[in-house]
Structures are given as C-alpha cells and as structure tokens.
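The values are calculated or read from the model by the stated rules, or taken from the named source; none is laboratory data. Owing to the predicted nature of the structure, the values given are computational and were not obtained by experimental measurement. Glycine also receives a Cβ, built like all others from the backbone with ideal geometry; neighbour counts cover every protein chain displayed.
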Amino acid sequence: MANVTLRNVRKTYPGGFEAIKGVNVDVGDGQFCVLVGPSGCGKSTLLRMVAGLETVTGGDIDIGGRVVNQIEPADRDIAMVFQNYALYPHMSVYNNMAYGLRNRGMPEAEIKTRVEEAARILELAPMLERKPRQLSGGQRQRVAMGRAIVRQPKVFLFDEPLSNLDAKLRIAMRVEIRKLQRRLNTTSIYVTHDQLEAMTLADILVVMNGGQVEQVGNPLDIYEKPATTFVASFIGAPPMNLMSTRPDEIKAQLGANGSGASAGILGIRPEDFVITDQTPSGGVALPLTVEAIERVGAETFVYGARGHDEERIAATPGELPPGEIIVRIPGAEAPPIGQKIRVAAIRQKLHLFSADGRTRIEA
Amino acid sequence: MQKQSIFQSKLLPYALVAPQLAIVLIFFYWPALQAVIQSFLLQDAFGLSTSFVWFENYVELFKEPAYFEAIVRTFAFSFAIALSSLSLALLLAVMADKPLRGGTVYRTLLIWPYAVAPPVVGVLWIFMLHPSLGVLSRYLRGMGIDWNPLLDGNQAALLIILSAAWKQISYNFLFFLAGLQSIPKSVLEAAAIDGARPMRRFWTVTFPLLSPTIFFLLVVNIVYAFFDTFGIIDTMTRGGPGKSTETLVYKVYTDGLLGGNLGSSAAQSVILMIMVIVLTGIQFRFVERKVTY
C-alpha cells in the first residue's frame, strides 16, 4: 500500500512533441484515481510513465515515498492490466498468473496458494489449465486482473481495461473492479476515455486535455462545478450546452460578479432545463424549435434550434443568442418535431465561464 | 466464410487454371515422371541398349558405402547450416528489432545477401578464403593455422557450411524480424512488469512465441541445404577434396552427368524427391497445428 504522487511530471518525445506538460496529482493510500480525457490527451502516456514503460522527461513520480523515475518497472512494485490484456498466449491461465511470482523466486507452494485464491475470487478456478485463446473476452480480462492481484503490489495500474468488452459485460466488470479494489484496498490508477466509467469508479477524478490536467477532484464536485468549458462538455452525457453571452446579459443574470467579464460562456446541463412558459426569476428562458427527439425509455433528449433571425438580439434579459440546445426530460412524453417550445433553467443551475473557457466565474 | 465465385460458363474456370497447371505439369510432373522411369532402366556404357531392371538401381545404390556417407554428410551439413544461419539470424533480428537510429538502412543491408546467387556466393568466399589467393587466408596462416581447404576435407566442409549459412541468414533474418514484430509489445511490457529480466523475457516469452517461425525456417533451411547448396559446392570445391563435400545433390550430378550412370542418378533423384515430400509434409502438419496461438 502506498501513495502515488506526481510532481510537475513532464514528457517530451525526441521529435519535440510535448505529451505531458507538467502534471501534479496526489493519490492517497488505497484511493482509486481515474485519469479521463479524449484520445491523445496523454492519459495513457502518464500511466505508462508511472509503470516505468516510458521515461520521465521532468518532474518526479513518487510511489510510497520513493522517487521511482530511474527504477525498472519490475522493481516499482506495481501491477498493470493492459487494454488488450497482454496475456502470454503460450501459457495456461495458471502459468500466466504464476509467471510474475516465479520470476521473483517465490516457492511453488505459495504460488499455488496465491493463484488458487485469485482464481477463486475471479471465478477462474475451472479454467486454470486452459490457454488464453480458449477463453472469452471477459474471462481473459479476469485473467489479466488475476495476474495483477496475485502479486499483491503496492499499486494497480489499469489502461482502459474494459474497452474491448461489449457494453453489458463492461458494466458488470466495472462493478467487479470497484468491489475488488475496495476489498483489497490497493491504491489504483485507472485510465479511460469513457466519462461514465470515470464517474462511477473514481475516488479522485483527473480530467486531462492536451497533456495538461484540466481539473482534479471528487467526481460529483467536478460534475457540479466544472472548472473549464472543456470539463463541462466532457463530463456528463449528453454534454453541457454552452452558449456565448454578452456582458449585459451576464450582468442581468448573475448580478455584480459578472461585471468584470467582458463576455463569457454560459453553460446549462440538458437535465437542468424544464419545458415551461414561465421565465424563472434570475434564470434564463429560451424559445426553441424542436428538431429531433431521442427516446431512450426512462428519459428523452430533445434537440432544439434557436431561430437565427428572430432571436439575433435578446428580446428580454435571459434570452440567449442562437445555437443548438439539448434538453433532457424524464419519461417518453415529448413535444412533436417542428413545434415551438420554451425551456427555462433556474439561476442555481447556470454555469458561467470566461470567454476563453479556461476559468469558471462563480456567481 | 469461404468466398465462392460463380462462373456462367463451365469452361472458363478450367481455362483460368490451365496456364498454372501447364507450368506445373511441364516443369515438374513430367521431369519427375522421367526420373522415376529412368530409375528403373539400365543403360550400357555406350548408350546403345537400355533394359528395364526394376529396382536394381536402388539395390545397387544402397549397397554402395559412398552413398551412405553422402547421406550422413548431407544431414550433417544441413543441420550445421540450418543451426548456424538460424541462430545468427535470430541474434541479428533481435538486435534490429530494437528502435535504432538508421534501423532501416541496417535492415536493408542485412537483407541484401539473399539477392546473391549461390554460385556467386561461392566465388565471393573463395576470394576471401582461397589458400593462395584468399584475403583472409594470409591472416589465418599468419595466426599459425594451416589453412588449405583444397587439401583438407574438414576445412572444405567448414567453408561450404560457412558460405551456405551466410547466404541464408538474410532470408531467416527477414522472417525472424517479421515474427518479432508480430509479438504484441504489451506482452513483453507485461513480462517486464512481471519481473522478467531481458534474457529471461527472451527465453520465456519471445522464443516460445517465435517457435512457429523457427520451425518453419528450420524446414526451409534444411531443404535449402539439401538442394540449393549445389551452386556453392560446384564453384568452391566440386565435391572435393576426395568426396569430403559431396552431398546427395552433388552426387546426383557427378554420378549422372559426369559418371554417365543415368539409372543410378535417377534413382538418387527419386530418393531426394521423397525426402522433400516428407519434409514438406511434416512442415504442413506441424505448422498448421502450431502456428496459431
């Protein structure tokens, strides 16, 4: 068990490409940290640097109070689960799990105990003699997990371990991983591009973009108070509606605090809208023409367009400039396509960002 | 799922395979059949009369101690050539597989020897190791080695093995490199995290995963050593000194074309043909089974 601390970690490739531009993250003992971001944001590179599979250009990686920058992967006391599982195809399930223990010279009797214990936890006991090619995707995934847990390492690293599974299995395994991590209480770092996985698994969520950390924190805090427009649109599905606003509108809606900003971006989550004729005091109301409807059963997404010509100038305070808006309403009842509706959101549900989207303005 | 083409005409599919069949029939089955027929015939020294003798040519062949020596010699050569060219090629491929500056140049250079024809290989090595002309021979003698492959049978054998193996390294290198590159990088990374040092990683992960390639190449190399070394032997030693570098293929040539014993030569060809069929059969059987993990 150990803390993992990243201090101003940087990675520059020989070609001059800066993959990681100074990352600071502190993962406490036994915590589950999720790195999330779009592809190419550097999250996998960062994980591989913690594993020792990529060199560190600058900064320190500290595992359990020891800077490991120059230490071989084998000596970092970590275990990693790869996206493609990376099982040894020529070894049986048993040998796949035993390999890391044998390399460390553990007596065969203890190896047997540990592998059998892991197989019991992961329900792999009947297939210990099989080769990876004889297993299904979910079973291979569990072998990869087993290979990690038999080692009883200080830290688990997961590199998009569920992305090769089908949707149903992915949800099941997600819960399994969380339960297993709670039970073993091992510090974990998990990389994913799936914001739902990130939200459900994380104790600490690290949202990354372009080699930088956009926001670190508790998943719900990040959801409720995204620090940048990137985080606002990345966390939450469907994404937050973002609209540019003029200074007078900011002032009208958010009072004095908005006065400093020359212009800004207003964000409203799809679920924070209600279809109503009223304009809530201090909130906003938008007239929309319904363009598309997506029914998923328990809820419905309404895609609306704001009329360009008629709405060019906000008629009353609280009317916003043109754009497409997603509204999420419960149930399957929805207005027909082409109908003009009016949606409103209350003051407490508005998010305001600076014009470049890099800072959140608190009302 | 198998793709199946539907032809309107019944003749068209036959017409399409006809050229391929014609080539195989004219250049393989017909000469092979000729050899089989020839192996049952006995001609007098002047070629005036020919008689059908059933298996007499074969019986005579197996009574001849020189034939057994040639068999043993051929197998010894083949294993020596296969082993040395395979292991050297694997070593080179493992090194070339690492990310290198100018790696492509290095790889291209390593592939070049394969483009050299076997007789040219022979000439090349003769230039280096000929007892009186050879560039390297001077140094060898300088080191106190009595180097004379024209007189010493063992040295001649070594020379043949060396040059035949050298030529085959390129081919093996190419396959090993492809084999190495097809091993997922993450599997080796997993092994590194699992605490396996580079040498152990090679022997417990890389080598077993390469085993289908190794087996395939082993058969290819043995077949190469059996047949394609003819050009090298012919330019370098002509089977000599004595018979110390006379392999089965070279014996077919000396007995038939130089010795005029066409019946025995044909019988030897047929035996060689059977050996290749067996080797190829083994290869198909095992490669089919082992190649997929």
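Out of A:Glu72, A:Glu54, I need the residue that is in contact (Cβ under 8 Å) with a residue 40 or more places away in the chain, within 14 Å of chain B (Cβ to nearest Cβ), surrounded by fewer than 19 Cβ atoms within 10 Å (Cβ to Cβ) and charged (D, E, K, R). Which one?
Numbers: A:Glu72 fails: in contact (Cβ under 8 Å) with a residue 40 or more places away in the chain.
Going through A:Glu72, A:Glu54 in turn, just one is in contact (Cβ under 8 Å) with a residue 40 or more places away in the chain, within 14 Å of chain B (Cβ to nearest Cβ), surrounded by fewer than 19 Cβ atoms within 10 Å (Cβ to Cβ) and charged (D, E, K, R): A:Glu54.
Matching residues to (1) more than 14 Å from chain B (Cβ to nearest Cβ); (2) of a type outside the set (S, T, N, Q); (3) in contact (Cβ under 8 Å) with a residue 12 or more places away in the chain:
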| site | (1), (2), (3) |
| --- | --- |
| A:Asp29 | yes, yes, yes |
| A:Gly42 | yes, yes, yes |
| A:Asp62 | yes, yes, yes |
| A:Val67 | yes, yes, no |
| A:Arg76 | no, yes, yes |
### Message
Report every pair of residues separated by at least 6 positions or lying on different chains whose Cβ atoms are under 7 Å apart, first residue within the range A:156-180 and within 14 Å of A:Thr192 (Cα to Cα), second among the charged types (D, E, K, R).
### Response
A:Leu162/A:Arg170; A:Leu162/A:Arg174; A:Leu162/A:Glu197; A:Arg174/A:Glu197
### Task
Filter the range A:153-186 for residues that are outside any helix (DSSP H, G or I) and out of contact with any Ser or Thr (no Cβ under 8 Å at 6 or more places or on another chain) and give the result.
A:Pro161, A:Asn164, A:Leu165, A:Asp166, A:Asn185, A:Thr186
### Message
Checking A:Ser136 against (1) buried (at least 17 other Cβ atoms within 10 Å of the Cβ); (2) out of contact with any Gly (no Cβ under 7 Å at 6 or more places or on another chain), only one condition comes out false. Which one?
### Response
(1)
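Name the single residue, out of those in the range B:112-148 being part of a helix (DSSP H, G or I) and among the aromatic types (Phe, Trp, Tyr), that is nearest to B:Ala82 (Cα to Cα). Write out each step before concluding.
At the first step, the residues of the range B:112-148 found to be part of a helix (DSSP H, G or I) are B:112-115, B:118-129, B:135-142.
Then keep just the ones that are among the aromatic types (Phe, Trp, Tyr); that gives B:112, B:114, B:125, B:127, B:139.
Details: B:Trp112: 19, B:Tyr114: 15, B:Trp125: 18, B:Phe127: 24, B:Tyr139: 28 Å.
So the residue we want is B:Tyr114.
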### Task
Please work out which one of (1) touching a residue at least 40 places away in the same chain (Cβ under 8 Å); (2) at positive phi; (3) of a type outside the set (D, E, K, R); (4) within 14 Å of another protein chain (Cβ to nearest Cβ) is the condition A:Gly105 fails and give its number.
(1)
### Task
Would you check if A:Met91 is in contact (Cβ under 8 Å) with a residue 24 or more places away in the chain, facing another protein chain (nearest Cβ under 10 Å), surrounded by fewer than 22 Cβ atoms within 10 Å (Cβ to Cβ) and not basic (Lys, Arg)?
yes
### Query
From A:Glu294, A:Glu271, which residue is within 20 Å of A:Ser233 (Cα to Cα), assigned to a strand (DSSP E or B), at pLDDT 85 or above and of a type in the set (D, E, K, R)?
A:Glu294
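Could we say that A:Val81 is at pLDDT 90 or above, crowded, with 22+ Cβ neighbours inside 10 Å, more than 30 Å from A:Met208 (Cβ to Cβ) and within 14 Å of chain B (Cβ to nearest Cβ) here? Give the derivation first.
Details: at pLDDT 90 or above: yes; crowded, with 22+ Cβ neighbours inside 10 Å: yes; more than 30 Å from A:Met208 (Cβ to Cβ): no; within 14 Å of chain B (Cβ to nearest Cβ): yes.
The answer is no for A:Val81.
Quick one: in the range A:161-192, of everything that is of a type in the set (Lys, Arg) and under 20 Å from A:Leu47 (Cβ atoms), which residue is surrounded by the fewest Cβ atoms within 10 Å (Cβ to Cβ)?
Initial filter on the range A:161-192 (of a type in the set (Lys, Arg)): A:168, A:170, A:174, A:178-179, A:182-183.
When the remaining residues are screened for being under 20 Å from A:Leu47 (Cβ atoms), the result is A:170, A:174, A:178.
Details: A:Arg170: 18, A:Arg174: 19, A:Arg178: 16.
Once the filter is applied, the top-ranked residue is A:Arg178.
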### Query
Would the range A:127-137 turn up any residue that is more than 26 Å from A:Thr192 (Cβ to Cβ), part of a helix (DSSP H, G or I), away from chain B (no Cβ under 14 Å) and over 27 Å from the mean Cα position of the chain (by Cα)?
yes
### Message
So the check is Cβ under 7 Å with 6+ separation or different chains; which pairs have a first residue in the range B:241-260 that's under 16 Å from B:Ala156 (Cα atoms) and a second one that's part of a loop (DSSP other than H, G, I, E, B)?
### Response
B:Pro241/B:Leu150; B:Pro241/B:Leu151; B:Thr245/B:Thr237; B:Thr245/B:Gly239; B:Glu246/B:Gly239; B:Thr247/B:Thr229; B:Tyr250/B:Gly239
### Query
What single numbered condition from (1) within 30 Å of B:Gly242 (Cβ to Cβ); (2) in contact (Cβ under 8 Å) with a residue 60 or more places away in the chain; (3) not charged (D, E, K, R) fails to hold for B:Gln155?
(2)
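Mind listing just one residue for me: the one in the range B:107-125 that is surrounded by 14 or more Cβ atoms within 10 Å (Cβ to Cβ) and not aliphatic (A, V, I, L, M) and, of those, farthest from B:Ala89 (Cα to Cα)? Spell out how you get there, then give the answer.
Initial filter on the range B:107-125 (surrounded by 14 or more Cβ atoms within 10 Å (Cβ to Cβ)): B:107, B:110-111, B:113-114, B:116, B:118-125.
Now restrict to residues that are not aliphatic (A, V, I, L, M): B:107, B:113-114, B:118-119, B:122, B:125.
On the way: B:Arg107: 12, B:Pro113: 12, B:Tyr114: 12, B:Pro118: 18, B:Pro119: 21, B:Gly122: 20, B:Trp125: 19 Å.
Restricting to residues being surrounded by 14 or more Cβ atoms within 10 Å (Cβ to Cβ) and not aliphatic (A, V, I, L, M), the top hit is B:Pro119.
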### Residue, farthest from the other protein chains (Cβ to nearest Cβ), within the range A:109-126, restricted to residues that are in a helix (DSSP H, G or I), more than 21 Å from B:Val205 (Cα to Cα) and of a type in the set (A, V, I, L, M, F, W, C)
A:Ala125
### Message
Give all pairs with beta carbons closer than 6 Å in which a residue from the range B:165-192 that is within 14 Å of another protein chain (Cβ to nearest Cβ) meets a residue that is of a type outside the set (Ser, Thr, Tyr) and part of a helix (DSSP H, G or I); count only pairs at least 6 apart in sequence or on separate chains.
### Response
B:Gly179/B:Leu210; B:Ile183/B:Leu209; B:Ala191/B:Arg201; B:Ala191/B:Val205; B:Ala192/A:Pro73
#### Entry: Matching residues in the range B:126-148 - criterion: being crowded, with 18+ Cβ neighbours inside 10 Å and either hydroxyl-bearing (Ser, Thr, Tyr) or in contact with a Gly (Cβ under 9 Å, 6 or more places away or on another chain) (or both)
B:Ile126, B:Ser137, B:Trp147
